[in-house]
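The values are calculated or read from the model by the stated rules, or taken from the named source; none is laboratory data. Quick caveat: nothing in here was measured; it's all calculated off a predicted structure. Reconstructed Cβ throughout: ideal geometry from the backbone, glycine too, with neighbour counts over all protein chains shown. Keep in mind that these areas ignore ligands, DNA and RNA; they rest on the heavy atoms of the full protein, side chains included. Shrake-Rupley method; radii C 1.70, N 1.55, O 1.52, S 1.80 Å.
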Amino acid sequence: MCTSVQPIQWTSDLRNQNFDGIVLVTQSHESLPSELESLKAPLQDYSAVDSGLGEEVVVIKVPGLPGNRLVFASTGPVNRDYDDIRRFSDAAVNGIQRALKAGMQRPLLVCPPHADYKNNTLVAALGALHALYMPLEVRESNVKKNDHKVCVLGLWAAEEARGTKLVELANALENGRLAYRDIGGSDPERMAAPRVADYVQELFKDSPVKVEVVSDLKTLEKEYPCLAAVNRCANSVPRHQARVVKLQYCGEGPIEKTLMLVGKGITYDTGGADIKAGGIMAGMHRDKCGAAAVAGFFQIVAQLKPQHLKVVGVMAMVRNSVGADCYVADELVVSRAGRRVRVGNTDAEGRMVMVDLLCEMKEKAVNEVSPQLFTIATLTGHAIRAMGPNYSIIMDNGPAHRSGNAAQWQKAGEVLGDLFEVSTIRREDYEFHKGQSEYEDILQCNNLPSSATPRGHQTPAAFLIMASGLDKHGVDSEAPLPYSHIDIAGSSGPFPGVPTGAPIVTMATNYILSDL
């Protein structure tokens, strides 16, 4: 198993012949800093014969530069009301893709600092690395000469301190995104639950992250009954049997903050008895990106080793299969918190596999230092309807809202372009999930897809709070616990395509890289 990130080097020398081409990412060649003055003249010459220079990626022959070639990828305007730092990552993706077509194997990415976006060079580097990701199945098939699309990615920086820091941060963040993409993007057999557990154990075997895997069926049924209900059908196939993967990191020094993460890891979502019909099942191996985000964030933590921070995480790896033993609508399942839950729709399995693990986190949180609880999931189609693709959604309970948590995440997301929208959990969301008869305390879901349900991405957060017992730890309690639900159905990435890594860059920015 190969989990090595794309090799990265930095240089301040534009004529470093260790590279075979330059990829320039900037708004305009006319505004280059003095250190890059040598790149201005060939671009001016080109623009004299092609007025579309800033509108598409071009390759120019420039004698004396590495490989005698320069790829120019303009960001376009970056100062309009709707522009953000993603202009730099988008341009870097386009530039690197063009460099690959040109045959470059040692591209040097040059993205000069911008006055309004102090992290634009790092964001461009992350864009380039996204374009250079090679899927796990391709790496393991040995059909390629090596495990990387290029031999090395060069990053230009004017000073050594900046270059060294740039490589350190790009390496750490990309290591996390690599693990995320491997788990989240790989097919439902390569990343079936037992193989995810094997991958995670291998990933962290020589790191400060401790890993525990729960696989015993009786333990799952006793400790996590809602998860076990979803697993019931898949459990008859050994290679599809559920795993609960627990992770823990404890930084040096007195702990000042404890993050407690629960990730949805549905390795394949058929919809269960409420089967996904009409050709919409394709891509459902991506329903594990919430759990992939937990693993990816721990990989960043393992790389950067932040002090005074404790992180507890759990990956709920389950396949939502359909068959004679699958759980069905109308079933009553008693959650770990003792709440009687009536199943309304088996395609609402994500909240089921997370709710008992969230309850367990709640039980532990009362003994932790400054705990903050999260669920992370590709949970609802409604999230995409409401906010469109490319954006994560965050929702706070009362204690988290009072601390301004969602607004803080939204602000952190703007730093490196891992963007968030904020939603609010309202009283209607709690009313929606109240039991409709004396048989049940809580209704798991209605009988419609989330995309056809008013407030379809907010109500599941209320369900998770109610069925886990977190409603006993609201602002009116003696032991309030801040909790946020993050829906990444829109931001986790397109299919077909490569997963993005959302929201682990924001998590790192918020809790580890506060000096960015």
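Would you point out which residue out of SER514, SER492, SER477, SER484 is assigned to a loop (DSSP other than H, G, I, E, B), surrounded by 15 or more Cβ atoms within 10 Å (Cβ to Cβ) and polar (S, T, N, Q)?
Values: SER514 fails: surrounded by 15 or more Cβ atoms within 10 Å (Cβ to Cβ); SER477 fails: surrounded by 15 or more Cβ atoms within 10 Å (Cβ to Cβ); SER484 fails: assigned to a loop (DSSP other than H, G, I, E, B).
The conditions single out SER492.
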Which of the residues spanning the stretch 399-412 are aliphatic (A, V, I, L, M) and open to solvent by 40 Å² or more (accessible area, probe 1.4 Å)? ALA407
I'd like to verify a number: residues in the stretch 425-441 that are among the hydroxyl-bearing types (Ser, Thr, Tyr) and open to solvent by less than 60 Å² (accessible area, probe 1.4 Å), how many? 1
The stretch 96-123 residues that are assigned by the TED database to the domain that holds SER34, paired with ones that are part of a loop (DSSP other than H, G, I, E, B) and open to solvent by 60 Å² or more (accessible area, probe 1.4 Å) (beta carbon under 6 Å, 6 or more apart): GLN105/CYS151; ARG106/CYS151
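Taking into account only those residues within the stretch 477-495 that are in contact (Cβ under 8 Å) with a residue 24 or more places away in the chain and out of contact with any helix residue (DSSP H, G or I) (no Cβ under 7 Å at 6 or more places or on another chain), which is nearest to LYS264 (Cα to Cα)?
So the residue we want is ILE486.
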Can you tell me which of VAL415, VAL353 is in contact with a Cys (Cβ under 8 Å, 6 or more places away or on another chain) and surrounded by 17 or more Cβ atoms within 10 Å (Cβ to Cβ)? VAL353
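To keep it simple, each residue is scored yes or no on (1) open to solvent by less than 10 Å² (accessible area, probe 1.4 Å); (2) modelled with pLDDT of 95 or more; (3) acidic (Asp, Glu); (4) within 27 Å of the chain's Cα centre (by Cα).
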residue: MET284; (1), (2), (3), (4): no, yes, no, yes
residue: CYS289; (1), (2), (3), (4): yes, yes, no, yes
residue: ALA293; (1), (2), (3), (4): yes, yes, no, yes
residue: ALA324; (1), (2), (3), (4): no, yes, no, no
Of all residues in the stretch 94-118 being open to solvent by less than 20 Å² (accessible area, probe 1.4 Å) and touching a Phe, Trp or Tyr at 6+ places or on another chain (Cβ under 9 Å), the one that is farthest from SER74 (Cα to Cα): MET104
From ALA508, ALA502, grab the single residue that is in a loop (DSSP other than H, G, I, E, B) and open to solvent by less than 10 Å² (accessible area, probe 1.4 Å). ALA502
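Conditions tested, residue by residue: (1) among the acidic types (Asp, Glu); (2) closer than 10 Å to VAL25 by Cα.
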site	(1), (2)
ASP83	yes, no
ASP90	yes, yes
GLY95	no, yes
LEU100	no, no
LEU108	no, no
ALA124	no, yes
LYS145	no, no
LEU153	no, no
Give just the number: which of (1) surrounded by fewer than 21 Cβ atoms within 10 Å (Cβ to Cβ); (2) closer than 29 Å to GLY176 by Cα does ILE393 not satisfy? (1)
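The rows are residues; the columns are (1) out of contact with any helix residue (DSSP H, G or I) (no Cβ under 7 Å at 6 or more places or on another chain); (2) within 18 Å of ALA383 (Cα to Cα).
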residue: PHE420; (1), (2): no, yes
residue: THR424; (1), (2): yes, yes
residue: GLU428; (1), (2): yes, yes
residue: ILE442; (1), (2): no, no
residue: ALA452; (1), (2): yes, yes
residue: GLN458; (1), (2): no, yes
residue: GLY469; (1), (2): no, no
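Residues are listed down the side, and each one gets a yes or a no for (1) in contact with a helix residue (DSSP H, G or I) (Cβ under 8 Å, 6 or more places away or on another chain); (2) of a type in the set (Lys, Arg); (3) buried (at least 24 other Cβ atoms within 10 Å of the Cβ):
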{"position": "ARG232", "(1), (2), (3)": "no, yes, no"}
{"position": "VAL244", "(1), (2), (3)": "yes, no, yes"}
{"position": "GLN303", "(1), (2), (3)": "yes, no, no"}
{"position": "HIS308", "(1), (2), (3)": "no, no, no"}
{"position": "ALA329", "(1), (2), (3)": "no, no, no"}
